[in-house]
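Just so it is clear, none of the values below were taken in a lab; they were calculated from the coordinates. As the structure is a prediction and not an experimental result, all values here were calculated from the model. Positions of Cβ are generated from backbone atoms using ideal geometry, with glycine treated the same way; all protein chains shown enter the neighbour counts.
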């Protein structure tokens, strides 16, 4: 993920070992990270058990909100790929009991189809 993507607020894919090391304190005993994306300080993580949204707050980022979403709670999701003039991709996830979807923007370099495939597998398999 380049500096321009960070400034524009676009998420890029993280390596699994790095994400696992960073999140080892919140993962369950048999939980494994399958995909992880980082947006400056915030993260979107897909594990074999759940979707985790991490929001680092404040100037120092010491206060962290971990939102855990079981795949069975996802009612619908939308993936919008890049286009000729639109250089970033988008993900929107609707969760049971919430009116507004959760959304995230990804850099054009991110393989959004990999994310879409894993989400489809997890949501359909609930």
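In this rough spin-label picture, where each label sits 7 Å from Cα along the Cβ direction, the residue 80-residue 113 distance is 2.0 nm. Here 35, 78 are placed in order of increasing Cβ neighbour count within 10 Å, fewest first, which gives 78, 35.
Would you please state the base-10 log of I(q)/I(0) at q = 0.14, 0.18, 0.22 1/Å for the stretch 3-124, with intensities from the Debye formula using one equal scatterer on every alpha carbon? At q = 0.14, 0.18, 0.22 Å⁻¹ the computed log10 ratios are -0.60, -1.01, -1.48. In a fully extended conformation the segment linking residue 41 and residue 65 would gain 7.5 nm over its present Cα-Cα distance, using 0.36 nm per residue.
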